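> I have a structure I would like to understand better, so I am pasting it below and will then ask my questions one at a time.
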Amino acid sequence: MMEEFKKFIMRGNVLDMAVGIIIGAAFGKIVTSFVNDILMPPIGLILGQVDFSNLFINLSSTPAMTLAEAKAAGLPVIAYGTFLNAIIDFLIVAFAIFMLIKQVNRMMPHKEEPAKEPRLCPYCKTEIPDAATKCPHCTSDL
């Protein structure tokens with residue numbers, strides 16, 4: 001069983017997948033930083049000094065000025081600003097992956113399968129389906 005597990009782990013696609021997950025996690029951190037630290041502050045400034053990561057709905061009667069303050073106090077909140085940041089993160093990652101796959105597809109040669117020769121009746125030479133046992137044109141047994 002250990003030998004079989006070793007063969008499974010050493011297969012190329014498993015190693016490729018592991019590398020992809022590691023690179024994806026690192027890329028996700030870069031995108032999150034880009035959204036939170038570079039993209040959202042100017043958008044918040046344009047929208048009137050709004051800090052998206054600090055937008056929340058306090059579900060308790062205890063007042064809290066910031067999301068961090070509410071979380072520290074253990075107050076129930078709906079952190080919709082954090083959710084908006086996560087949506088923007090996702091859209092950026094999805095767009096980056098789309099562009100990457102588009103470029104890879106452009107560089108990869110497309111293997112087109114050669115057109116299959118049609119099956120012909122040996123008697124009347126008309127095209128017939130592959131599964132046919134009798135020619136529909138001349139009714140010959142095939």
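The values are calculated or read from the model by the stated rules, or taken from the named source; none is laboratory data. Since the model is a prediction, treat every value here as computed from it, not as a measurement. Note that each Cβ is placed from the backbone with ideal geometry, even for glycine, and that neighbours are counted across all protein chains shown. Heavy atoms of the whole protein, side chains included, go into the accessibility calculation; ligands, DNA and RNA do not. Shrake-Rupley method; radii C 1.70, N 1.55, O 1.52, S 1.80 Å.
> Accessible area per residue for the chain in Å², computed with a 1.4 Å probe and the full protein assembly in place, what is it?
Computed with neighbouring chains in place, this is 80 Å² per residue.
> Right, another one. In region 91-142, what percent of the accessible surface is made up of carbon and sulfur (1.4 Å probe, ligands and nucleic acids excluded)?
Exposed carbon and sulfur together represent 63 percent of the surface.
> Suppose only helical runs count, i.e. DSSP H with n ≥ 4. What mean residue ellipticity at 222 nm does that imply for the chain under -39500 (n - 2.57) per run, divided by all residues and rounded to the nearest 500 deg cm²/dmol?
Using -39500 (n - 2.57) per qualifying helix, the result is -16500 deg cm²/dmol.
> For the chain, set up a GNM with springs between Cα atoms under 10 Å and report which of P129, P63, P109 has the largest fluctuation.
The residue that fluctuates most here is P129.
> Another question, if that's okay. Given a 10 angstrom Cα cut-off, can you work out which residue in V19, V93, V35 is the most mobile in a GNM of the chain?
In the Gaussian network model the winner is V19.
> Rounded, prolate or oblate, given the Cα gyration tensor of the chain, with a/c below 1.5 counting as rounded?
prolate
> Quantify, in whole percent, the carbon and sulfur part of the accessible surface of region 1-75 (1.4 Å probe; protein heavy atoms only).
Its accessible area is 70 percent carbon and sulfur atoms.
> By accessible area of protein heavy atoms, probe 1.4 Å, what ranking do R106, R11 get, highest first?
The most accessible residue leads, giving R106, R11.
> Would you tally the net charge around C124, using a Cβ to Cβ cut-off of less than 15 Å, leaving C124 out, and scoring K and R as +1, D and E as -1?
Residues near C124 contribute +1 overall.
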